[in-house]
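Below is one structure; the comments refer to it alone.
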Amino acid sequence: MGQMYKTTMSANSSKHPPPDGSNIEQMHTSDEIIHHATEILAQQMGLDLCSFVGLEEVLDSNDEVYYIDKSGKPTAFTDELQLEASITVLNSNGHYFAATPVQEYRAGTA
């Protein structure tokens, strides 16, 4: 399911939060943010999500996918990097987008 985030996006085409407060706030999981960036925006831009954090997707001879950094070193494309790349994609679409983690409530904790 992923970590919950409070997301804020400008309602207009602005790279900065609008001064009049006309923004949209919603709750989304990290998986939803990543899915939106991957399925909608990254594909429309013709780029892989990994390219937004400086990684390249490689297919080996066994059709297994792995990622390399700019030096050619294999690197894990972690959930954190996927979220970082997704936020970059969503900001590059002409809107302001921010995601703030929300403290999860767990029964039995203070």
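The values are calculated or read from the model by the stated rules, or taken from the named source; none is laboratory data. Source: prediction; values computed, not measured. Neighbour counts run over all protein chains shown; Cβ positions are idealised from the backbone, glycine included.
Here are some notes:
- The residues in segment 82-110 that are within 15 Å of Q44 (Cβ to Cβ), in a loop (DSSP other than H, G, I, E, B) and either at pLDDT 90 or above or in contact with a Ser or Thr (Cβ under 6 Å, 6 or more places away or on another chain) (or both) can be counted, and the count is 2.
- Pairing each residue of segment 22-50 that is under 12 Å from K6 (Cα atoms) with any residue that is part of a helix (DSSP H, G or I), provided the two are 6+ apart or on different chains, yields C-beta distances under 6 Å for S30/L83; I33/S86.
- Residue match in segment 56-66 (condition: in a helix (DSSP H, G or I) and at pLDDT 90 or above): no
- Residue within segment 7-19 that is surrounded by 14 or more Cβ atoms within 10 Å (Cβ to Cβ), outside any helix (DSSP H, G or I) and either modelled with pLDDT of 95 or more or among the aliphatic types (A, V, I, L, M) (or both) present: yes
- Within segment 27-37, the set of residues being buried (at least 17 other Cβ atoms within 10 Å of the Cβ) and β-branched (V, I, T) comprises I33, I34.
- Among the residues making up segment 67-81, those that are among the charged types (D, E, K, R) and either closer than 18 Å to G2 by Cα or part of a helix (DSSP H, G or I) (or both) are D79, E80.
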